[in-house]
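Reviewing the structure listed below.
The values are calculated or read from the model by the stated rules, or taken from the named source; none is laboratory data. Model, not experiment: these values are computed from the prediction. Quick reminder, even Gly has a Cβ in these numbers, built from the backbone with ideal geometry, and neighbours come from all protein chains shown. Note: accessible area is taken over every heavy atom of the protein model, side chains too, but ligands, DNA and RNA are not part of it. Shrake-Rupley method; radii C 1.70, N 1.55, O 1.52, S 1.80 Å.
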Amino acid sequence: MSAPAIPDNAELIGVDWGSSRLRIHLIDHAGTALETITLDPGVLKTERNAQRQILVDALHPWVSKRPNIPIFAAGMIGSRSGLVETNPLPTPVDVAALTAAMLTLRLDDRITVQVFPGLVDKSGEFDDLIRGEEAQVFGWLDDVGESGPALLVLPGTHSKWIRLVGNTVSTFHTFPTGELFEMLLAMPSLSQAIAANGRIPNPAERDSSFREGATLGSKAQGILHDIFTIRTRLLATTGSRPLVLDEYLSGMLIGYEIAEALSRGLLREVEHAVLISEGDLKRRYRIALEINAVAIVEGGESNFCHGVVAVYRRFSRP
């Protein structure tokens, strides 16, 4: 079977290979994803010696039709666990500096990929790191133009809170909220308690449990004790007041993330947070931010493709 045709307005390919999944976008000049391939194996769940062939196979249907199409990749592909380890740029960073630091990766005799370098923030006691989200940040900047002080919230496996000044990333903080949620769900004392619920909750119960957990987490009284109370809450729950424990845990952890971000002064000098996310995760963070009385502005579902185009425009200039 021959490879599918590529739309005439396709200009480049953007590879977003993170910790938990691989997304490959066929992108037009405006930063719109014309087609998207989504695969389950994230970098951290894929043997390093298998990553090259996975990416080559995924790119082949498009590259076979457009051999010279530019390809840009971001995320954990540039980490120590990925195909090539890049040197992340220290903040402050603008798109010009980012473009100049792109790393060229030759996959085979047909496919060459430009890899985003990532960012490192050395302003705190310990370094903080971004791999992949920088494309979304510069995509947002490309959409809105130069901004005053702004705070971007990008939820995910490793949530990022990123402060911008003008067209520059000034500093950022990472919170491994999504990863911690998955780890705690697998903890025997919690997984058994969740399984003991033994029924499928309705949407109202799920929403109520999430809000209750987010309210508790926002108080930030002590996460270790609060995590254990998830198990004991099952024993205290009556039929008239059902509790969905995984929703409760999700709300609690997101509430703690927001409370810590506020305590670290990340909203200083800004009037609102810009929430960049999609689907159910966006809904969860919107609820939890509102519980914490944080004003929010919707920043779009994903600016990854816009960020790839912004870098490509600069990269391709003679």
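With respect to the conditions (1) outside any loop (DSSP other than H, G, I, E, B); (2) of a type outside the set (Gly, Ala, Ser); (3) closer than 30 Å to ARG264 by Cβ, VAL113 falls short on a single one, namely (3). Annotation note: of LEU266, LEU245, LEU253, the sole residue that is within 23 Å of SER191 (Cβ to Cβ), touching a Leu at 6+ places or on another chain (Cβ under 7 Å), open to solvent by less than 20 Å² (accessible area, probe 1.4 Å) and at pLDDT below 95 is LEU245.
In the range 52-80, which residue that is touching a Gly at 6+ places or on another chain (Cβ under 9 Å) and in a helix (DSSP H, G or I) is most open to solvent (accessible area, probe 1.4 Å)? Even if it seems obvious, please write down each step before you answer.
So the first thing to find is which residues in the range 52-80 are touching a Gly at 6+ places or on another chain (Cβ under 9 Å), and the list is 71-79.
Now drop any that are not in a helix (DSSP H, G or I), which leaves 76-78.
Values: MET76: 40, ILE77: 0, GLY78: 0 Å².
Here the answer is MET76.
Among residues of the range 164-181 that are within 18 Å of GLU134 (Cβ to Cβ), those with a Cβ under 8 angstrom from a residue that is among the aliphatic types (A, V, I, L, M) and surrounded by fewer than 18 Cβ atoms within 10 Å (Cβ to Cβ), sequence gap 6+ or separate chain, pair up as THR174/LEU129.
Take the conditions of a type in the set (S, T, N, Q), within 30 Å of VAL165 (Cα to Cα) and either part of a helix (DSSP H, G or I) or out of contact with any His (no Cβ under 6 Å at 6 or more places or on another chain) (or both) and apply them to ASN87. Does it pass? Break it down into steps so the answer makes sense when it comes.
Working: of a type in the set (S, T, N, Q): yes; within 30 Å of VAL165 (Cα to Cα): yes; either part of a helix (DSSP H, G or I) or out of contact with any His (no Cβ under 6 Å at 6 or more places or on another chain) (or both): yes.
When the stated conditions are applied, ASN87 passes them.
Tell me whether the range 17-25 contains one or more residues that are open to solvent by 50 Å² or more (accessible area, probe 1.4 Å) and in contact with a Ser or Thr (Cβ under 6 Å, 6 or more places away or on another chain). Let's see the steps before the verdict.
First pass over the range 17-25, keeping only residues open to solvent by 50 Å² or more (accessible area, probe 1.4 Å): 20-21, 23.
If we keep only those that are in contact with a Ser or Thr (Cβ under 6 Å, 6 or more places away or on another chain) too, we end up with 20, 23.
Yes, some residue in the range 17-25 is open to solvent by 50 Å² or more (accessible area, probe 1.4 Å) and in contact with a Ser or Thr (Cβ under 6 Å, 6 or more places away or on another chain).
The single residue among ARG313, ARG284, ARG268 that is part of a loop (DSSP other than H, G, I, E, B) and either of a type outside the set (A, V, I, L, M) or farther than 30 Å from LEU26 by Cα (or both) turns out to be ARG268.
Could you tell me whether LEU103 is open to solvent by less than 40 Å² (accessible area, probe 1.4 Å) and either over 16 Å from GLN136 (Cα atoms) or touching a residue at least 60 places away in the same chain (Cβ under 8 Å) (or both)?
Numbers: open to solvent by less than 40 Å² (accessible area, probe 1.4 Å): no; either over 16 Å from GLN136 (Cα atoms) or touching a residue at least 60 places away in the same chain (Cβ under 8 Å) (or both): yes.
Taking the combined requirement at face value, the residue does not satisfy it.
Does VAL115 fit the bill of being under 28 Å from ASP143 (Cα atoms) and open to solvent by 20 Å² or more (accessible area, probe 1.4 Å)? Judged against the criteria, VAL115 is not a match. For the range 274-291, the count of residues that are open to solvent by 30 Å² or more (accessible area, probe 1.4 Å), over 20 Å from the mean Cα position of the chain (by Cα) and touching a residue at least 40 places away in the same chain (Cβ under 8 Å) is at least one.
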